[in-house]
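This report concerns only the one structure given below.
The values are calculated or read from the model by the stated rules, or taken from the named source; none is laboratory data. Quick caveat: nothing in here was measured; it's all calculated off a predicted structure. All Cβ positions, even for glycine, are placed from backbone atoms using ideal geometry, and neighbour counts span all protein chains on display. Remember, those area values only see protein heavy atoms, side chains included, never the ligands or the DNA or RNA. Shrake-Rupley method; radii C 1.70, N 1.55, O 1.52, S 1.80 Å.
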Amino acid sequence: MGIVGSGPAGIYAADLLTKDETLAACATPVSIDVIDRLPTPYGLVRYGVAPDHPRIKQIQQALHKVLDKPEVRFLGNVDYGSDLKLEDMRRHYDAVVFATGSDRDRPLDIPGADLPGCHGAADFVSWYDSHPDVAPEWPVDGTGAAVIGAGNVAVDVARILAKDAEDLHDTDITDNVHRSLAAKRVTDVHVFARRGIAQAKFTPMELRELDKQPGVEVVVDPEDFDLCEASMAAIEESNQVKTNVKILQNWAIRDPRGEPRRLHLHFLHRPAEVLGEKRVRGLRTERMELTGDGGVRGTGEFVDHEVQAVYRAVGYLGSPVADLAFDQERGVIPNDGGRVLDLDERPVPGVYATGWIKRGPVGLIGHTKGDALETVTNLVADRADLAPAAEPEPEAFLRLLDERGVAYTGWEGWQRLEAHEESLGLPHGRKRIKVRERAEMTRIARSDRSA
(Lines give C-alpha, C1' and ligand atoms only; values in the text may rest on other atoms or scores of the structure.)
Protein backbone atom coordinates (compact mmCIF):
# COMPACT_ATOMS: atom_id res chain seq x y z
CA MET A 1 0.00 0.00 0.00
CA GLY A 2 1.32 3.46 -0.87
CA ILE A 3 0.20 6.67 0.86
CA VAL A 4 1.27 10.01 -0.62
CA GLY A 5 1.44 12.59 2.16
CA SER A 6 2.66 12.13 5.74
CA GLY A 7 0.46 14.64 7.49
CA PRO A 8 -2.30 13.60 9.90
CA ALA A 9 -4.64 12.51 7.08
CA GLY A 10 -2.13 10.10 5.57
CA ILE A 11 -0.93 8.78 8.92
CA TYR A 12 -4.49 8.23 10.17
CA ALA A 13 -5.12 6.17 7.02
CA ALA A 14 -1.98 4.13 7.71
CA ASP A 15 -3.12 3.56 11.28
CA LEU A 16 -6.53 2.27 10.17
CA LEU A 17 -4.96 0.00 7.57
CA THR A 18 -2.87 -1.66 10.28
CA LYS A 19 -5.73 -2.18 12.77
CA ASP A 20 -6.56 -5.79 13.65
CA GLU A 21 -10.06 -5.53 12.21
CA THR A 22 -8.70 -4.26 8.87
CA LEU A 23 -6.11 -7.01 8.71
CA ALA A 24 -8.78 -9.58 9.52
CA ALA A 25 -11.04 -8.24 6.77
CA CYS A 26 -8.21 -8.32 4.25
CA ALA A 27 -7.05 -11.76 5.42
CA THR A 28 -3.49 -10.83 4.43
CA PRO A 29 -0.55 -8.93 5.91
CA VAL A 30 -0.40 -5.22 5.07
CA SER A 31 2.79 -3.35 4.22
CA ILE A 32 2.55 0.45 3.88
CA ASP A 33 4.91 3.09 2.52
CA VAL A 34 4.09 6.66 3.59
CA ILE A 35 5.73 8.99 1.08
CA ASP A 36 6.29 12.73 1.43
CA ARG A 37 7.94 15.36 -0.76
CA LEU A 38 9.57 16.89 2.33
CA PRO A 39 12.42 15.16 4.19
CA THR A 40 10.29 15.23 7.36
CA PRO A 41 6.93 13.74 8.36
CA TYR A 42 3.84 15.27 10.03
CA GLY A 43 2.87 17.81 7.35
CA LEU A 44 0.49 20.41 8.77
CA VAL A 45 1.42 19.62 12.37
CA ARG A 46 5.06 20.60 11.71
CA TYR A 47 4.49 23.36 9.15
CA GLY A 48 0.96 24.64 9.77
CA VAL A 49 0.52 24.89 13.54
CA ALA A 50 1.63 28.16 15.17
CA PRO A 51 4.90 27.79 17.13
CA ASP A 52 3.23 29.04 20.32
CA HIS A 53 0.77 26.13 20.22
CA PRO A 54 2.82 23.30 21.74
CA ARG A 55 -0.36 21.60 22.96
CA ILE A 56 -1.53 21.03 19.38
CA LYS A 57 1.95 20.00 18.30
CA GLN A 58 1.77 17.18 20.87
CA ILE A 59 -0.32 15.29 18.33
CA GLN A 60 3.06 14.34 16.86
CA GLN A 61 3.38 11.79 19.67
CA ALA A 62 0.36 9.86 18.38
CA LEU A 63 1.52 10.19 14.76
CA HIS A 64 4.99 8.96 15.79
CA LYS A 65 3.50 5.74 17.17
CA VAL A 66 1.90 4.98 13.80
CA LEU A 67 5.03 5.62 11.74
CA ASP A 68 6.97 3.52 14.25
CA LYS A 69 4.89 0.43 13.46
CA PRO A 70 6.83 -2.38 11.75
CA GLU A 71 4.24 -2.54 8.95
CA VAL A 72 4.79 1.15 8.09
CA ARG A 73 7.79 2.66 6.29
CA PHE A 74 8.34 6.42 5.98
CA LEU A 75 10.06 7.70 2.83
CA GLY A 76 10.69 11.44 2.76
CA ASN A 77 12.17 13.80 0.15
CA VAL A 78 10.28 11.90 -2.56
CA ASP A 79 8.27 14.20 -4.82
CA TYR A 80 5.26 12.54 -6.41
CA GLY A 81 4.79 14.15 -9.81
CA SER A 82 8.49 14.64 -10.56
CA ASP A 83 10.28 11.68 -8.96
CA LEU A 84 7.30 9.38 -9.46
CA LYS A 85 4.18 9.06 -11.61
CA LEU A 86 0.97 7.17 -10.98
CA GLU A 87 2.10 4.23 -13.10
CA ASP A 88 5.16 3.86 -10.86
CA MET A 89 2.99 3.77 -7.77
CA ARG A 90 0.56 1.25 -9.23
CA ARG A 91 3.45 -1.00 -10.31
CA HIS A 92 4.68 -1.22 -6.72
CA TYR A 93 1.47 -0.95 -4.67
CA ASP A 94 -1.90 -2.70 -4.81
CA ALA A 95 -3.56 0.60 -3.95
CA VAL A 96 -2.52 4.24 -3.53
CA VAL A 97 -4.05 6.79 -1.15
CA PHE A 98 -3.41 10.49 -1.81
CA ALA A 99 -3.32 12.68 1.31
CA THR A 100 -1.54 15.75 -0.07
CA GLY A 101 -3.62 18.33 1.79
CA SER A 102 -4.29 21.98 0.91
CA ASP A 103 -1.19 24.09 0.48
CA ARG A 104 -2.33 27.23 -1.39
CA ASP A 105 -4.18 30.39 -0.41
CA ARG A 106 -7.59 30.95 -1.92
CA PRO A 107 -7.38 34.21 -3.91
CA LEU A 108 -9.15 37.39 -2.85
CA ASP A 109 -10.93 38.89 -5.86
CA ILE A 110 -10.92 42.60 -5.04
CA PRO A 111 -9.03 45.56 -6.59
CA GLY A 112 -5.49 45.93 -5.29
CA ALA A 113 -5.15 42.35 -4.07
CA ASP A 114 -1.99 41.95 -6.15
CA LEU A 115 -0.17 44.93 -4.58
CA PRO A 116 3.13 44.32 -2.80
CA GLY A 117 2.33 43.96 0.88
CA CYS A 118 -0.79 41.87 0.26
CA HIS A 119 0.02 38.34 1.41
CA GLY A 120 -1.58 34.94 1.65
CA ALA A 121 -1.95 33.56 5.17
CA ALA A 122 -0.69 30.14 4.07
CA ASP A 123 2.58 31.68 2.89
CA PHE A 124 3.00 33.61 6.15
CA VAL A 125 2.24 30.52 8.25
CA SER A 126 4.77 28.51 6.23
CA TRP A 127 7.34 31.25 6.81
CA TYR A 128 6.98 31.50 10.58
CA ASP A 129 6.92 27.69 10.75
CA SER A 130 10.21 27.61 8.77
CA HIS A 131 8.99 25.60 5.79
CA PRO A 132 12.02 24.81 3.61
CA ASP A 133 10.29 25.92 0.38
CA VAL A 134 9.64 29.47 1.65
CA ALA A 135 12.24 32.26 1.49
CA PRO A 136 13.93 32.86 4.87
CA GLU A 137 13.12 36.58 5.04
CA TRP A 138 9.66 38.12 5.38
CA PRO A 139 8.98 41.87 5.25
CA VAL A 140 6.92 42.62 8.37
CA ASP A 141 6.42 46.25 7.35
CA GLY A 142 4.66 49.25 8.86
CA THR A 143 2.73 49.85 12.05
CA GLY A 144 -0.67 48.58 10.89
CA ALA A 145 -1.73 45.23 9.42
CA ALA A 146 -5.08 43.85 8.29
CA VAL A 147 -6.07 40.18 8.45
CA ILE A 148 -9.11 39.15 6.41
CA GLY A 149 -10.97 36.12 7.71
CA ALA A 150 -12.87 34.79 10.72
CA GLY A 151 -11.31 31.37 11.28
CA ASN A 152 -8.49 29.96 13.38
CA VAL A 153 -5.87 30.71 10.71
CA ALA A 154 -6.82 34.40 10.75
CA VAL A 155 -6.57 34.41 14.55
CA ASP A 156 -3.15 32.70 14.44
CA VAL A 157 -1.79 35.21 11.92
CA ALA A 158 -3.13 38.15 13.92
CA ARG A 159 -1.68 36.80 17.16
CA ILE A 160 1.80 36.31 15.68
CA LEU A 161 1.74 39.82 14.16
CA ALA A 162 0.76 41.39 17.48
CA LYS A 163 2.94 39.25 19.76
CA ASP A 164 6.29 40.41 21.10
CA ALA A 165 8.98 38.28 19.46
CA GLU A 166 10.54 37.55 22.85
CA ASP A 167 7.35 35.70 23.82
CA LEU A 168 8.17 33.24 21.01
CA HIS A 169 11.78 32.70 21.98
CA ASP A 170 11.10 29.45 23.85
CA THR A 171 9.34 27.88 20.84
CA ASP A 172 10.93 26.01 17.93
CA ILE A 173 11.15 29.05 15.61
CA THR A 174 14.37 29.56 13.71
CA ASP A 175 16.67 32.57 14.15
CA ASN A 176 15.61 34.20 10.88
CA VAL A 177 11.96 34.22 11.97
CA HIS A 178 12.82 35.59 15.40
CA ARG A 179 14.94 38.39 13.86
CA SER A 180 12.18 39.52 11.51
CA LEU A 181 9.49 39.47 14.19
CA ALA A 182 11.77 41.27 16.67
CA ALA A 183 12.32 44.04 14.11
CA LYS A 184 8.63 44.62 13.36
CA ARG A 185 6.99 47.92 14.33
CA VAL A 186 3.38 46.72 14.25
CA THR A 187 1.20 48.44 16.86
CA ASP A 188 -2.27 47.75 15.45
CA VAL A 189 -3.59 44.55 13.89
CA HIS A 190 -7.11 44.60 12.43
CA VAL A 191 -9.08 41.37 11.81
CA PHE A 192 -12.07 41.72 9.47
CA ALA A 193 -15.01 39.31 9.32
CA ARG A 194 -17.65 39.74 6.61
CA ARG A 195 -20.43 38.27 8.73
CA GLY A 196 -21.52 38.76 12.33
CA ILE A 197 -20.21 37.61 15.69
CA ALA A 198 -22.44 34.52 15.73
CA GLN A 199 -21.10 33.38 12.34
CA ALA A 200 -17.37 33.56 13.18
CA LYS A 201 -15.59 30.21 12.76
CA PHE A 202 -12.78 30.46 15.29
CA THR A 203 -12.85 28.24 18.35
CA PRO A 204 -13.22 29.71 21.89
CA MET A 205 -9.77 28.46 22.87
CA GLU A 206 -8.14 30.32 19.95
CA LEU A 207 -10.22 33.41 20.66
CA ARG A 208 -9.31 33.56 24.36
CA GLU A 209 -5.60 33.29 23.52
CA LEU A 210 -5.73 36.69 21.85
CA ASP A 211 -6.33 38.34 25.21
CA LYS A 212 -3.56 36.48 27.03
CA GLN A 213 -0.61 38.16 25.29
CA PRO A 214 1.52 40.54 27.36
CA GLY A 215 1.38 44.07 25.98
CA VAL A 216 -1.56 43.37 23.64
CA GLU A 217 -5.09 44.71 24.10
CA VAL A 218 -8.04 43.21 22.21
CA VAL A 219 -10.44 45.91 20.98
CA VAL A 220 -14.00 45.12 19.87
CA ASP A 221 -16.28 47.89 18.56
CA PRO A 222 -19.83 47.59 19.99
CA GLU A 223 -21.13 49.07 16.72
CA ASP A 224 -20.08 45.89 14.93
CA PHE A 225 -22.44 43.80 17.06
CA ASP A 226 -25.74 42.64 15.68
CA LEU A 227 -27.81 39.54 16.26
CA CYS A 228 -30.65 38.41 13.99
CA GLU A 229 -33.05 35.47 14.35
CA ALA A 230 -30.57 33.09 12.72
CA SER A 231 -27.83 34.36 15.04
CA MET A 232 -29.93 33.75 18.13
CA ALA A 233 -30.76 30.25 16.88
CA ALA A 234 -27.04 29.55 16.32
CA ILE A 235 -26.30 30.66 19.89
CA GLU A 236 -28.94 28.31 21.27
CA GLU A 237 -27.81 25.37 19.14
CA SER A 238 -24.03 25.62 19.61
CA ASN A 239 -22.03 25.98 22.81
CA GLN A 240 -19.06 27.15 20.72
CA VAL A 241 -21.08 30.03 19.23
CA LYS A 242 -22.55 30.89 22.62
CA THR A 243 -19.10 31.03 24.20
CA ASN A 244 -17.62 33.11 21.37
CA VAL A 245 -20.43 35.65 21.57
CA LYS A 246 -20.09 35.95 25.34
CA ILE A 247 -16.32 36.48 25.11
CA LEU A 248 -16.71 39.15 22.43
CA GLN A 249 -19.48 40.95 24.26
CA ASN A 250 -17.38 41.14 27.43
CA TRP A 251 -14.46 42.57 25.49
CA ALA A 252 -16.69 45.17 23.81
CA ILE A 253 -17.94 46.68 27.06
CA ARG A 254 -14.76 46.73 29.15
CA ASP A 255 -12.57 49.80 29.69
CA PRO A 256 -9.34 50.22 27.68
CA ARG A 257 -6.18 48.96 29.40
CA GLY A 258 -3.75 51.19 27.50
CA GLU A 259 -1.46 48.43 26.21
CA PRO A 260 1.22 49.41 23.64
CA ARG A 261 -0.20 47.10 20.95
CA ARG A 262 -3.81 46.61 19.93
CA LEU A 263 -5.63 43.80 18.17
CA HIS A 264 -8.92 45.06 16.69
CA LEU A 265 -11.73 42.60 15.84
CA HIS A 266 -14.16 43.98 13.23
CA PHE A 267 -17.41 42.21 12.32
CA LEU A 268 -19.82 42.93 9.47
CA HIS A 269 -17.02 44.39 7.35
CA ARG A 270 -16.52 43.15 3.78
CA PRO A 271 -13.13 43.81 2.18
CA ALA A 272 -13.82 45.95 -0.89
CA GLU A 273 -10.42 47.21 -2.05
CA VAL A 274 -6.77 47.13 -1.09
CA LEU A 275 -5.62 50.74 -1.30
CA GLY A 276 -2.30 51.90 -2.65
CA GLU A 277 -0.35 52.49 -5.85
CA LYS A 278 3.09 50.91 -5.60
CA ARG A 279 2.34 49.00 -2.41
CA VAL A 280 -0.35 48.57 0.25
CA ARG A 281 -1.37 51.78 1.99
CA GLY A 282 -4.77 50.80 3.35
CA LEU A 283 -7.86 48.62 3.18
CA ARG A 284 -11.37 49.77 2.29
CA THR A 285 -14.25 47.77 3.76
CA GLU A 286 -17.99 47.94 3.29
CA ARG A 287 -20.23 47.77 6.33
CA MET A 288 -22.63 44.85 6.10
CA GLU A 289 -25.96 44.08 7.75
CA LEU A 290 -27.55 40.77 8.67
CA THR A 291 -30.43 39.55 6.52
CA GLY A 292 -32.07 37.48 9.27
CA ASP A 293 -31.27 34.08 7.80
CA GLY A 294 -27.56 34.00 8.62
CA GLY A 295 -26.56 35.89 5.49
CA VAL A 296 -25.40 39.48 5.03
CA ARG A 297 -25.85 42.30 2.50
CA GLY A 298 -23.96 45.49 1.83
CA THR A 299 -25.09 48.84 3.21
CA GLY A 300 -23.18 51.02 0.74
CA GLU A 301 -21.20 52.58 3.60
CA PHE A 302 -17.44 52.27 3.20
CA VAL A 303 -14.66 52.68 5.76
CA ASP A 304 -10.94 53.17 5.01
CA HIS A 305 -8.35 51.68 7.36
CA GLU A 306 -4.71 52.77 7.33
CA VAL A 307 -2.55 49.65 7.15
CA GLN A 308 0.70 48.80 5.39
CA ALA A 309 0.07 45.06 4.97
CA VAL A 310 -2.92 42.84 4.24
CA TYR A 311 -3.06 39.12 4.99
CA ARG A 312 -5.87 37.13 3.41
CA ALA A 313 -7.01 34.14 5.48
CA VAL A 314 -10.08 33.31 3.40
CA GLY A 315 -9.36 29.62 2.91
CA TYR A 316 -6.87 27.15 1.50
CA LEU A 317 -6.85 25.21 -1.76
CA GLY A 318 -5.21 21.94 -2.68
CA SER A 319 -2.80 21.76 -5.62
CA PRO A 320 -3.35 19.61 -8.72
CA VAL A 321 -1.98 16.08 -8.44
CA ALA A 322 -0.16 14.60 -11.43
CA ASP A 323 -2.08 12.05 -13.52
CA LEU A 324 -5.39 12.68 -11.68
CA ALA A 325 -8.44 14.78 -12.47
CA PHE A 326 -8.70 17.95 -10.38
CA ASP A 327 -11.48 20.29 -9.31
CA GLN A 328 -9.86 23.72 -9.69
CA GLU A 329 -12.70 25.62 -8.02
CA ARG A 330 -12.77 23.52 -4.85
CA GLY A 331 -9.09 22.60 -4.89
CA VAL A 332 -9.75 18.88 -4.40
CA ILE A 333 -9.38 15.56 -6.23
CA PRO A 334 -12.85 14.50 -7.45
CA ASN A 335 -13.89 11.44 -5.48
CA ASP A 336 -16.82 9.40 -4.26
CA GLY A 337 -16.30 8.51 -0.61
CA GLY A 338 -12.55 8.59 -1.15
CA ARG A 339 -12.60 6.62 -4.40
CA VAL A 340 -10.82 8.88 -6.89
CA LEU A 341 -12.82 9.65 -10.06
CA ASP A 342 -11.55 10.27 -13.58
CA LEU A 343 -12.73 13.00 -15.97
CA ASP A 344 -15.78 10.89 -16.81
CA GLU A 345 -16.59 10.54 -13.09
CA ARG A 346 -15.70 6.86 -13.05
CA PRO A 347 -13.61 5.38 -10.20
CA VAL A 348 -9.91 5.02 -10.96
CA PRO A 349 -9.06 1.44 -9.91
CA GLY A 350 -6.85 1.26 -6.85
CA VAL A 351 -6.60 5.04 -6.31
CA TYR A 352 -8.07 6.83 -3.28
CA ALA A 353 -7.96 10.19 -1.48
CA THR A 354 -8.32 11.32 2.11
CA GLY A 355 -8.06 14.52 4.15
CA TRP A 356 -8.27 18.05 2.78
CA ILE A 357 -7.37 17.01 -0.77
CA LYS A 358 -10.50 14.85 -0.59
CA ARG A 359 -13.04 17.21 1.00
CA GLY A 360 -11.44 20.65 1.17
CA PRO A 361 -9.85 22.54 4.10
CA VAL A 362 -12.73 22.38 6.56
CA GLY A 363 -12.53 21.42 10.23
CA LEU A 364 -9.74 20.76 12.69
CA ILE A 365 -6.87 18.27 12.42
CA GLY A 366 -8.82 15.58 14.23
CA HIS A 367 -11.64 15.70 11.68
CA THR A 368 -9.40 13.96 9.15
CA LYS A 369 -9.91 10.75 11.13
CA GLY A 370 -13.45 10.52 9.77
CA ASP A 371 -12.16 11.04 6.24
CA ALA A 372 -9.61 8.29 6.66
CA LEU A 373 -12.21 5.87 8.07
CA GLU A 374 -14.53 6.37 5.10
CA THR A 375 -11.70 6.03 2.58
CA VAL A 376 -10.17 2.95 4.19
CA THR A 377 -13.58 1.30 4.58
CA ASN A 378 -14.20 1.69 0.85
CA LEU A 379 -10.68 0.55 0.00
CA VAL A 380 -11.13 -2.63 2.03
CA ALA A 381 -14.51 -3.21 0.39
CA ASP A 382 -12.82 -2.98 -3.04
CA ARG A 383 -9.92 -5.28 -2.16
CA ALA A 384 -11.15 -8.27 -4.19
CA ASP A 385 -11.28 -6.15 -7.36
CA LEU A 386 -7.88 -4.49 -6.99
CA ALA A 387 -5.25 -5.53 -9.51
CA PRO A 388 -2.16 -6.74 -7.60
CA ALA A 389 1.07 -4.79 -7.96
CA ALA A 390 3.57 -6.19 -10.45
CA GLU A 391 6.55 -5.48 -8.15
CA PRO A 392 5.27 -5.40 -4.56
CA GLU A 393 8.56 -6.23 -2.84
CA PRO A 394 9.64 -3.39 -0.50
CA GLU A 395 13.19 -3.37 -1.88
CA ALA A 396 11.93 -3.00 -5.45
CA PHE A 397 10.58 0.46 -4.74
CA LEU A 398 13.84 1.53 -3.08
CA ARG A 399 15.74 0.32 -6.16
CA LEU A 400 13.52 2.53 -8.31
CA LEU A 401 14.32 5.56 -6.16
CA ASP A 402 18.04 4.77 -6.25
CA GLU A 403 17.97 4.38 -10.04
CA ARG A 404 16.38 7.81 -10.35
CA GLY A 405 18.86 9.44 -7.99
CA VAL A 406 16.26 10.31 -5.34
CA ALA A 407 17.96 11.20 -2.04
CA TYR A 408 15.15 9.79 0.06
CA THR A 409 15.07 9.94 3.83
CA GLY A 410 13.72 7.25 6.14
CA TRP A 411 12.22 6.84 9.59
CA GLU A 412 15.57 6.38 11.31
CA GLY A 413 16.83 9.44 9.46
CA TRP A 414 13.91 11.49 10.77
CA GLN A 415 14.65 10.35 14.32
CA ARG A 416 18.26 11.43 13.79
CA LEU A 417 17.12 14.85 12.57
CA GLU A 418 14.68 15.16 15.46
CA ALA A 419 17.45 14.45 17.96
CA HIS A 420 19.65 17.02 16.21
CA GLU A 421 16.94 19.70 16.49
CA GLU A 422 16.52 18.91 20.18
CA SER A 423 20.27 19.24 20.68
CA LEU A 424 20.18 22.68 19.04
CA GLY A 425 17.54 23.83 21.53
CA LEU A 426 19.13 22.33 24.64
CA PRO A 427 21.79 25.06 25.28
CA HIS A 428 19.04 27.69 25.10
CA GLY A 429 16.58 25.88 27.36
CA ARG A 430 14.28 25.16 24.42
CA LYS A 431 12.68 21.84 23.46
CA ARG A 432 14.04 22.13 19.94
CA ILE A 433 15.09 24.54 17.20
CA LYS A 434 14.04 23.56 13.70
CA VAL A 435 16.47 23.02 10.87
CA ARG A 436 15.07 25.11 8.03
CA GLU A 437 17.11 24.25 4.93
CA ARG A 438 16.01 21.19 2.96
CA ALA A 439 19.59 20.26 2.01
CA GLU A 440 20.69 20.33 5.64
CA MET A 441 17.70 18.27 6.78
CA THR A 442 18.43 15.71 4.08
CA ARG A 443 22.13 15.60 4.92
CA ILE A 444 21.46 14.93 8.61
CA ALA A 445 18.75 12.36 7.91
CA ARG A 446 20.98 10.52 5.41
CA SER A 447 24.20 10.77 7.41
CA ASP A 448 24.35 6.97 7.74
CA ARG A 449 24.80 6.64 3.97
CA SER A 450 26.13 8.67 1.09
CA ALA A 451 23.82 11.64 0.35
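For segment 197-309, carbon and sulfur atoms together expose 47% of the accessible surface, with a 1.4 angstrom probe and every protein chain in place. Normalised per residue, the accessible area of segment 196-253 is 50 Å², obtained with a 1.4 Å probe and no contribution from ligands, DNA or RNA.
Can you pull out the trypsin sites (Lys or Arg not before Pro) in segment 181-236 whose DSSP state is coil and whose Cβ has at most 12 other Cβ atoms within 10 Å? Each step should come with its number before you reach the end.
Working: sites: Lys184, Arg185, Arg194, Arg195, Lys201, Arg208, Lys212; in loops: Lys184, Arg185, Arg194, Arg195, Lys201.
Qualifying residues, ordered by number: Arg185.
Considering only DSSP states other than H, G, I, E and B, which GluC sites (Glu not before Pro) in segment 288-381 qualify as loop sites with at most 14 other Cβ atoms within 10 Å? Walk me through the numbers before you get to the answer.
Values: sites: Glu289, Glu301, Glu306, Glu329, Glu345, Glu374; in loops: Glu306, Glu329, Glu345.
Passing both the DSSP loop test and the Cβ count: Glu306, Glu329, Glu345.
Computed across segment 239-380, the Kirkwood hydrodynamic radius from all distinct Cα-Cα pairs reaches 19.5 Å.
Kirkwood hydrodynamic radius, computed over distinct alpha-carbon pairs, for segment 311-390: how many Å, to one decimal? Don't jump to the answer; show the numbers that get you there.
Numbers: mean 1/r = 0.0742 Å⁻¹.
Kirkwood hydrodynamic radius for segment 311-390: 13.5 Å.
Could you tell me the calculated FRET efficiency between Arg208 and Asp382, based on Cβ-Cβ distance and R0 = 41 angstrom, to the nearest 0.05? Could you put the intermediate results ahead of the total?
Values: r = 45 Å, r/R0 = 1.10.
So the FRET efficiency works out to roughly 0.35.
What pairs from Lys184/Lys278; Lys19/Lys201; Lys201/Lys278; Lys19/Lys242; Lys201/Lys369 go past 27 Å between their alpha carbons? Flagged as over cut-off: Lys19/Lys201; Lys201/Lys278; Lys19/Lys242. Using the alpha-carbon positions of segment 164-245, Rg (one decimal) and Dmax (whole number) come out as 16.6, 50 Å. As a ratio to 2.2 N^0.38 Å, the alpha-carbon radius of gyration computed for segment 67-157 takes the value 1.52.
For a distance above 17 Å, tell me the whole-number percent of Cα pairs in segment 276-347 that qualify. Spell out each step's value before the answer.
Numbers: 1717 of 2556 pairs.
Everything past 17 Å amounts to 67 percent.
What value, in deg cm²/dmol to 500, does the helix sum -39500 (n - 2.57) over DSSP H runs of n ≥ 4 give at 222 nm once divided by the residues of the chain?
That calculation yields -9500 deg cm²/dmol at 222 nm.
Determine the equivalent ellipsoid of segment 115-262 by diagonalising the alpha-carbon gyration tensor, then write out the semi-axes as square roots of 5 times the eigenvalues, largest first, rounded to whole Å. Each step should come with its number before you reach the end.
Numbers: eigenvalues 172, 56, 39 Å².
Sorted largest first and rounded, they come to 29, 17, 14 Å.
Stretching Ala182 away from Val362 to a fully extended chain increases their span by 61.5 nm, per 0.36 nm per residue minus the current alpha-carbon distance. Restricting to bridges with both residues inside the chain, how much of the DSSP beta-bridge set is antiparallel, in percent to the nearest 5? Roughly 35 percent of the beta bridges in the chain run antiparallel, per DSSP. Computed from the C-beta positions of Lys431 and Asn239 and an R0 of 41 Å, the FRET efficiency is 0.80 to the nearest 0.05. Considering all different alpha carbon pairs of segment 378-444, the Kirkwood hydrodynamic radius works out to 15.3 Å. Of the whole protein surface, Thr171 contributes about 20 Å² of accessible area at a 1.4 Å probe radius. Could you give log10 I(q)/I(0) at q = 0.30, 0.33 Å⁻¹ for segment 12-62, computed by the Debye formula over C-alpha point scatterers of equal weight, without solvent? Treating every Cα as an identical point scatterer, log10 I(q)/I(0) equals -1.13, -1.24.
Look at the dipole of segment 382-442 built from charges on Cβ: of Pro388, Leu426, Trp414, the Cα furthest out on the positive end belongs to Leu426.
Put simply, when 246-256, 62-72 are sorted by average Cβ atoms within 10 angstrom per residue, most first, you get 62-72, 246-256. Taken over the chain, the ratio of Cα radius of gyration to 2.2 N^0.38 Å equals 1.04. Under the convention that each Lys and Arg Cβ holds +1 and each Asp and Glu Cβ holds -1, the size of the dipole of segment 302-346 around its Cα centre is about 140 debye.
Counting protein heavy atoms only, segment 311-423 has 51 percent of its accessible area on carbon and sulfur, 1.4 angstrom probe.
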